[in-house]
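Nothing in this text is a laboratory measurement; each read-out follows from the coordinates by a stated rule. Note that the structure is predicted; figures quoted are calculated from it, not measured. Every residue, glycine among them, receives a Cβ derived from its backbone with ideal geometry; neighbour counts consider all protein chains shown.
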Amino acid sequence: MNEHNSIRDEAGRDEIDESRAPLMDHLIELRTRLLWCVGALIIAFGIAYTQAQRIFGFLVQPLVSAFGPEAGGKLIYTKLYEAFFVEIKVAAFAAFLLAFPVIANQLWAFVAPGLYKSEKRAFLPFLIATPVLFTMGAALAYFVVMPTAFTFFLTFQSTGATTGIAQEALPSMDEYLSLVMHFIIAFGVAFLLPVLLLLLERAGIVSRAQLIAGRRYAIVGAFIIAAVLTPPDILSQCMLAIPLILLYEVSIAIIWFTERKRAKAEAAG
């Protein structure tokens, strides 16, 4: 009896050890992937820091165009260390963008072996569309929204003829960088709406009929999101809300197309 129990215990330990082995392999692989991501971020940060002033010069162009070539606008810093930390923030922001392809590739390499071929084919377009849509949103913010919004904000400058005191815009470097990053991230993330909706549809959480029925709520939600993510001016809010509404409609059209494609595949199968 004791011999039988010892054999059973050894078999149980063998099963436990076998179940541990894949887990340890996954943890070791995850650690390796994370180290690659951290290494890519460190290298990208080193490269970006050497070009931080040029990158900041690129980010400041919407404000330069808003001031105009003859206005001679300027940025100030009120703390001795502010300019240094602005360069650190610029380098960190640029480093993440530079390292994103490596991070995305490592994420895909870790997840892909556990997916079926059909799941890989379904997931890969979302992985490709994410940086494309984010870039589109960031480009809209940089080339259209920020110059328009900054021009509007600068209209409140005055010589003091009416109020008795001059009003001059003297934004600080850190505040300006925070505003620019806020615009770029907000618009970039907001443009990922189609990816989110299509993933929810693929997971069976929402359907095209539900999205169509909830269109009026989506319009209200777009303006609420725009109000939260943009500065408190109606112009910036509309310039985010309107693209969100259009992206919502595009998502419905893509879902309709994929539904037809799946139906044809099922009929052919």
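Take a quick pass over the chain and tell me how many lysine pairs come in under 24 angstrom between Cα atoms, counting only ones 8 or more apart or on separate chains.
Details: Lys74/Lys89; Lys79/Lys89; Lys117/Lys261; Lys117/Lys264; Lys120/Lys261; Lys120/Lys264.
So the count works out to 6.
Across the range 113-174, how large is the tail of the calculated P(r) beyond 12 Å, expressed as a percent of all Cα pairs? Write down the numbers at each step before the final one.
On the way: 1480 of 1891 pairs.
It works out to 78 percent of all Cα pairs.
When the dipole is taken about the Cα centre of the chain, and only Lys, Arg (+1) and Asp, Glu (-1) are charged at their Cβ, what size is it in debye, to the nearest 20?
Numbers: 20 positive and 21 negative charges, 187 e Å.
Here the size comes out at about 900 debye.
At 37 °C and a viscosity of 0.692 mPa s, what translational diffusion coefficient does Stokes-Einstein give for the range 38-126, taking Rh as the Kirkwood radius over Cα pairs? Give it in µm²/s as a whole number. Could the numbers behind the result be given before it?
Numbers: Rh = 16.0 Å.
Value of D from the Cα-based Kirkwood radius: 205 µm²/s.
Could you compute the FRET efficiency for Thr78 and Gln167, with r as their C-beta to C-beta distance and R0 at 25 Å, rounded to 0.05? Before the final figure, lay out the partial values.
Numbers: r = 18 Å, r/R0 = 0.73.
Rounded to the nearest 0.05, the efficiency is 0.85.
What ranking, highest mean first, results for peptides 101-114, 178-191 when packing means the other Cβ atoms within 10 Å averaged over each residue? List each step's numbers first, then the result.
Values: 101-114: 13.9, 178-191: 19.7.
Sorting 101-114, 178-191 by mean packing, highest first, produces 178-191, 101-114.
If Rh is defined by the Kirkwood formula over all Cα pairs and Rg also comes from Cα, what ratio Rg/Rh do you get for the range 165-269?
On the way: Rg = 18.9 Å, Rh = 16.0 Å.
Value, to two decimals: 1.18.
How high is the FRET efficiency between Val144 and Ser207 when r is their beta carbon distance and R₀ equals 22 Å, given to the nearest 0.05? The partial results should precede the final answer.
On the way: r = 34 Å, r/R0 = 1.53.
About 0.05, to the nearest 0.05.
With the dipole of the chain worked out from charges on the C-beta (+1 for Lys and Arg, -1 for Asp and Glu) around the Cα centre, which of Ile55, Leu124, Ala94 lies farthest toward the positive end?
Sorting the options by dipole projection puts first Leu124.
Using modelled backbone amide H atoms (1.01 Å from N, in-plane), which distant-in-sequence or interchain residues come within less than 5 Å of Ser172's amide H?
Residues meeting the amide H criterion: Ile76.
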